[in-house]
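Quick notes on the structure that follows.
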Amino acid sequence: MTTNSSERLFSDDQAQRIATGEDRLPPGQRLTRDWPVLTYGATPEVSTAEWQLTIWGEVEQELTWSWDDFLALGLSTETNDIHCVTHWSRYDNDWEGVLWSAIMRQIKVKPSAQSVMFHSYGGYTTNVPLEDLASDDHAMLATGWNNAPLTANHGGPVRGMIPSLYFWKSAKWVGGIEFLPQDRPGFWEMYGYHIHGDPWTEQRYS
Ligand SMILES: Nc1nc2c(c(=O)[nH]1)N[C@H]1C(S)=C(S)[C@@H](COP(=O)(O)O)O[C@H]1N2
Ligand SMILES: [Mo]
């Protein structure tokens, strides 16, 4: 294979896929190196001092965590790929945050709970079945990206990060988690996005 860049057989993206020996790119996606901002509406400015996470619904006890309460659950790091329904994907994002599994250890969820609704400051919502969260070891509520606090436009101080689903399921500015007795559509799901959103089977729109 030639090393002359004008005659290369493979694009960087293809070379990367070949080098890693796996097809990382879900069908219908193309890679981007920058990180687009996709927000419906205004960007809420939420300081860590005022930020709270409230958990309610199908739980034995509702609770509210402050920023310090939340950090006390312990921070982990994860590297993963993000796939937006508008066809861009971005590889190798380094996240810091609290794993979903660590959050679940603090909550007594009722057996009736099927799904969660993430509620954002500003009003955005998105639904995710508990099964998806439980089977995704990498799911977290993220506080940092590439060794820096998550910026406001990307959902800081705290955003969902669920790499197994399209990126609209990763709510920015999360302030509430509601446990639901049955799955119900969130914001984009009511406007025709797929109720589930698996990028590998292209569950884009319903
Ligand atoms: N609160 C909130 N969360 C959101 C959105 C939004 O508009 N509001 N957009 C979603 C969509 S469609 C995508 S693709 C990602 C984009 O995240 P980014 O702007 O950090 O790339 O956030 C998701 N989470
Ligand atoms: Mo999106």
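With a 1.4 Å probe and every protein chain kept in, tell me what percent of the accessible surface of region 99-165 is carbon plus sulfur.
Reported share for carbon and sulfur atoms: 52 percent.
Using just the C-alpha positions of the chain as equal point scatterers, what log10 of I(q)/I(0) does the Debye formula give at each q in 0.13, 0.17 1/Å?
-0.72, -1.19
Give or take rounding to whole Å, what are the principal axis extents of the alpha carbon atoms in region 156-201, in descending order?
That works out to 30, 25, 18 Å along the principal axes.
Restricted to Cα positions, what overall size does region 19-87 have along the principal axes? Three whole-Å values, descending.
Taking the Cα atoms of region 19-87, the three principal extents are 45, 31, 25 Å.
In what sequence, highest mean first, do 180-186, 97-103 appear when ranked by Cβ atoms within 10 angstrom?
On the way: 180-186: 16.0, 97-103: 20.0.
Most protected by this proxy first, the peptides run 97-103, 180-186.
Given a 1.4 Å probe and heavy atoms of the protein chains only, how would you sort MET117, MET104, largest accessible area at the top? Walk me through the numbers before you get to the answer.
Values: MET117 5, MET104 60 Å².
The most accessible residue leads, giving MET104, MET117.
Given a 1.4 Å probe, how much area per residue of region 60-206 is accessible, in Å²?
Solvent-accessible surface per residue comes out at 43 Å².
Along the principal axes of its C-alpha atoms, what lengths does region 68-126 span, in descending order and rounded to whole Å?
37, 25, 24
If you wrap a convex hull around the C-alpha atoms of region 110-203 and split its volume per residue, what is the figure in Å³? Provide the component values of the computation, followed by the final result.
Numbers: hull volume 9.9 nm³, N = 94.
Per residue, the Cα convex hull of region 110-203 comes to 105 Å³.
With a 1.4 Å probe and all protein chains kept in place, how do ARG204, ARG105, ARG30 rank by accessible area, largest first?
Greatest to least solvent exposure: ARG105, ARG30, ARG204.
The values are calculated or read from the model by the stated rules, or taken from the named source; none is laboratory data. Predicted, not measured: the structure shown is a model, and the values here were computed from it. Every residue, glycine among them, receives a Cβ derived from its backbone with ideal geometry; neighbour counts consider all protein chains shown. We work out accessible area using only protein heavy atoms, side chains counted, and drop any ligands, DNA or RNA first. Shrake-Rupley method; radii C 1.70, N 1.55, O 1.52, S 1.80 Å.
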